[in-house]
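Visitor: Have a look at this one.
Coordinate-derived values only; no laboratory data. Since the structure is predicted, the reported quantities are computational estimates derived from the model, not experimental observations. Virtual Cβ from ideal backbone geometry, glycine too; neighbours counted across all protein chains shown.
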Amino acid sequence: MMINSAVSTGSASIQGAIKSLDSSAQEIAKQTIHPIDPVSAAAPVGDQQTEVNSHGPQAASLIEPLVEQNRALYQAQAGAKIISTNNEVLGSLLDIFA
């Protein structure tokens, strides 16, 4: 039946998103955090201290998992929307036949 198929598709989308979120969260958790030394992170400019943009390789290695987190979020939202729309259609059908 078409209704079961839509719920299955939405559920599969949400489950896939959860797996992606878990995988990317583990990747983020594996990263070593190094605190920025305020002395080395500032470069003198005239009489003022200006922060140096020192994102380096650590930030680059976080980009992929963070993008994956956003993609998984949209995937879960899409799955939820599929199920929600399915429920609305089913409600409309019940109203018509009632």
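Visitor: Which of 89, 7 has the fewest other C-beta atoms within 10 Å, and how do the rest follow up to the most? Kindly include the intermediate steps, with their values, before the conclusion.
Guide: Numbers: 89 13, 7 17.
Arranged by neighbour count, lowest to highest, 89, 7 become 89, 7.
Visitor: Hey, another quick one. Return the FRET efficiency for the residue pair residue 97, residue 12: r is the Cβ-Cβ distance, R0 is 41 Å, and the value is rounded to the nearest 0.05.
Guide: Values: r = 28 Å, r/R0 = 0.69.
Once rounded, the FRET efficiency stands at 0.90.
Visitor: How do 85, 9 line up, fewest other C-beta atoms within 10 Å first? Walk me through the numbers on the way to the answer.
Guide: Values: 85 12, 9 15.
The most exposed by this proxy come first: 85, 9.
Visitor: While we're on this one: What's the FRET efficiency of residue 33 with residue 85 using the Cβ-Cβ distance as r and R₀ = 41 Å, to the nearest 0.05? Don't skip to the end; give the middle numbers.
Guide: On the way: r = 41 Å, r/R0 = 1.01.
Once the sixth-power term is evaluated, E becomes 0.50.
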